[in-house]
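Single-structure report; data block below.
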Amino acid sequence: MNRSDFYARVEATLDEIRGEGLWKTERQITSPQGGSVTVEGVGEVLNLCANNYLGLADHPDIIEGSRRAMDRYGYGMASVRFICGTADQHRLLEREIADYLGTDDSILFAACFDANGGVFDPLLGAEDAIVSDSLNHASIIDGARLSKARRFRFASRDIGDLRTQVEAARSGGARTILIATDGVFSMDGYIADLGAICEVADDYDTLVMVDDCHATGFIGPDGRGTPSLHGVVDRVDIVTSTLGKALGGAMGGFVAARESVVDLLRQRARPYLFSNALSPAHVGGARVALRLARQGDHLRERLRANAESFREQMTANGFELSGEGHPIIPVMLGDARVASEMADRLFDRGIYVTAFSHPVVPRGSARIRTQMNAAHSQADVDRAVAAFVEVGCDLGVIGR
Ligand SMILES: *Cc1c(COP(=O)(O)O)cnc(C)c1O
């Protein structure tokens, strides 16, 4: 009885998801990830929804670096890091990441989801508090829950409310307070004001943690991320980020911080201690990706130009956009059905975009989130805008 009830409940939940129009389907790509991709049964489409900001996902040097690492170290490590899973290249990559971001050291995880899942519990106890932006990534929310620290939430990017919540944590007797924020809010395309956040941190003597997944490699000088953009590299205590976006787009995450913090995470972070070491191919590829990103001013310039052009043209055509100064450019549509209909029609015209609606974004603020990348040409951007204008007119989103 109980067991069949369980499966009936699963079916009912699936029906509910379908009924609310929230079912996510996965299109199948049969080419490398790139400015354009081939989709099974459809053909080539311009890709405006990848996190492939620098266009490195199919870079031949990265593939070669990855292949060389496999030739030398084999396919898998078959161990967690502390037993027999640490290759010399793991430590090299960790030091190279730290050098790039301006921290003492860094520690690799299988993904940034794991880095965020493992970073809080070893560092903070029940006497401590995490003050977290309300729009922070799911993995920060989960990671904070896995720690015993008290949790406070401030209205996204609202520095006044941040101050209020830090004061509440302090008057509640918190020993250490850590302010946690995304460097870039990926649903909206806004960059966190780390300058203002660090001022609050100074006023109350708190720690600062930044998740820079949508910034590492392409935001700030040399692509060193949002702390560098805001000139607060030395004030930010902990940076977490991913190798799965601008830095080649494969897999892996890391925490970059002071040596003592990295050392303690190596001893205590559960996703590090109880999960396999990053594979040789991923480490070898990531090292090349990091080098290409460091030297990638031409890629960052192309990315910036594409984002600026798309934003300008879309605004001139009457679309309402969110975000600022970032290649995430959400086209705000409000109604979930309009957003998903628009995404479908754009796809039919060879433009691959994704609609986001509740519960990923607040109800009534459905949108199509576009992401520019350095593999797009000006002609690609122009073609995307033309398709948006055509479909936008048909659906009455913009006037003719
Ligand atoms: C993508 C993302 C993550 C997860 O990174 P993975 O390496 O894919 O697990 C975490 N935080 C933020 C802000 C992200 O955008």
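Residues in the stretch 86-100 that are surrounded by fewer than 22 Cβ atoms within 10 Å (Cβ to Cβ) and within 16 Å of the ligand (Cβ to nearest atom): Glu94 alone. The helices (runs of 4 or more DSSP H) falling completely within the stretch 208-276 include none with 3 or more residues that are within 10 Å of the ligand (Cβ to nearest atom) and buried (at least 24 other Cβ atoms within 10 Å of the Cβ).
Is it the case, given these coordinates, that Ile197 is within 16 Å of the ligand (Cβ to nearest atom), β-branched (Val, Ile, Thr), under 16 Å from Asn136 (Cβ atoms) and in contact (Cβ under 8 Å) with a residue 12 or more places away in the chain? When the stated conditions are applied, Ile197 passes them. Within the stretch 206-219, residues that are over 20 Å from Val131 (Cβ atoms) and of a type in the set (Val, Ile, Thr) have Cβ atoms under 8 Å from residues that are near the ligand (Cβ under 9 Å from one of its atoms) and modelled with pLDDT of 95 or more in these pairs: Thr216/Ser241; Thr216/Thr242; Thr216/Lys245; Ile219/Gly183; Ile219/Val184; Ile219/Asp212, counting only partners at least 6 apart in sequence or on another chain.
In this structure, Asp133 does not qualify as away from the ligand (no atom under 12 Å from the Cβ), of a type in the set (Asp, Glu) and over 21 Å from Ala246 (Cβ atoms). For the stretch 351-388, the set of residues classified as charged (D, E, K, R), surrounded by 19 or more Cβ atoms within 10 Å (Cβ to Cβ) and more than 20 Å from Gly318 (Cβ to Cβ) consists of Asp380 only.
Can you find, within the stretch 55-85, the residue that is nearest to the chain's Cα centre (by Cα) among those that are surrounded by fewer than 18 Cβ atoms within 10 Å (Cβ to Cβ) and assigned to a loop (DSSP other than H, G, I, E, B)? Applying the filter and picking the extreme gives Asp58. Here is a check on your reading of the model: is Asp158 surrounded by fewer than 21 Cβ atoms within 10 Å (Cβ to Cβ), under 27 Å from Asp188 (Cβ atoms) and modelled with pLDDT of 95 or more? Judged against the criteria, Asp158 is a match. Taken as a whole, the structure leaves Leu46 outside the set of residues that are aliphatic (A, V, I, L, M) and within 16 Å of the ligand (Cβ to nearest atom). Listed by position, the helices (runs of 4 or more DSSP H) inside the stretch 88-190 whose residues that are more than 30 Å from Ile329 (Cβ to Cβ) and either in contact with a Gly (Cβ under 8 Å, 6 or more places away or on another chain) or not assigned by TED's automatic domain parsing to the domain that holds Ala286 (or both) number at least 1 are 88-101, 112-119, 138-146. Residues that are over 21 Å from Ala374 (Cβ atoms) and outside any strand (DSSP E or B) within the stretch 25-54 comprise Thr25, Glu26, Arg27, Gln28, Thr30, Glu40, Gly41, Val42, listed in sequence order.
Kindly check whether there is at least one residue in the stretch 251-261 that is within 21 Å of the chain's Cα centre (by Cα), free of Cβ contacts under 8 Å to residues at least 60 places away in the same chain and under 30 Å from Ser357 (Cβ atoms). No.
Taking first residues from the stretch 1-30 that are within 19 Å of Phe356 (Cα to Cα) and partners that are polar (S, T, N, Q), the Cβ contacts under 8 Å between residues at least 6 apart in sequence or on separate chains come to Gly21/Ser340; Gly21/Ser357; Leu22/Ser357.
With respect to (1) surrounded by fewer than 23 Cβ atoms within 10 Å (Cβ to Cβ); (2) more than 16 Å from the ligand (Cβ to nearest atom), the lone exception for Arg145 is condition (2).
The values are calculated or read from the model by the stated rules, or taken from the named source; none is laboratory data. As the structure is a prediction and not an experimental result, all values here were calculated from the model. Backbone-built Cβ (ideal geometry, glycine too); neighbour counts: all protein chains shown.
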